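Taking it in order: structure first as structure tokens, then the write-up.
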């Protein structure tokens, strides 16, 4: 879908969900309106239920909005934190 901001579609290690945010109201059977902070005012606050996930108490699964710097054109820059592992392959020659 063109023009829709998706967190996690750009790379394998980028966050898929941000939040948690409070549900303001249920619009339809599968559509919810969320209370988004002022930093995300460019994002439409109505989401389909397939784009939402129930908030669990594990803080390692929650990505804060301060960690993601969203620009005016609804993109963000991925910055690697560190290299976790490396592999050295020995070739035949």
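Between residue 51 and residue 83, what is the label-point separation in nm under the 7 Å Cα-to-beta-carbon projection?
3.7
Determine, for each peptide in 71-84, 29-42, the mean count of other beta carbons within 10 angstrom over its residues, then list the peptides with the highest first.
29-42, 71-84
Read-outs throughout are calculated quantities, based only on the coordinates presented, and are distinct from any laboratory measurement. All values derive from a computational prediction rather than experimental measurement. Because the Cβ atoms are built from the backbone with ideal geometry, glycine has one as well, and the counts that use them run over all protein chains shown.
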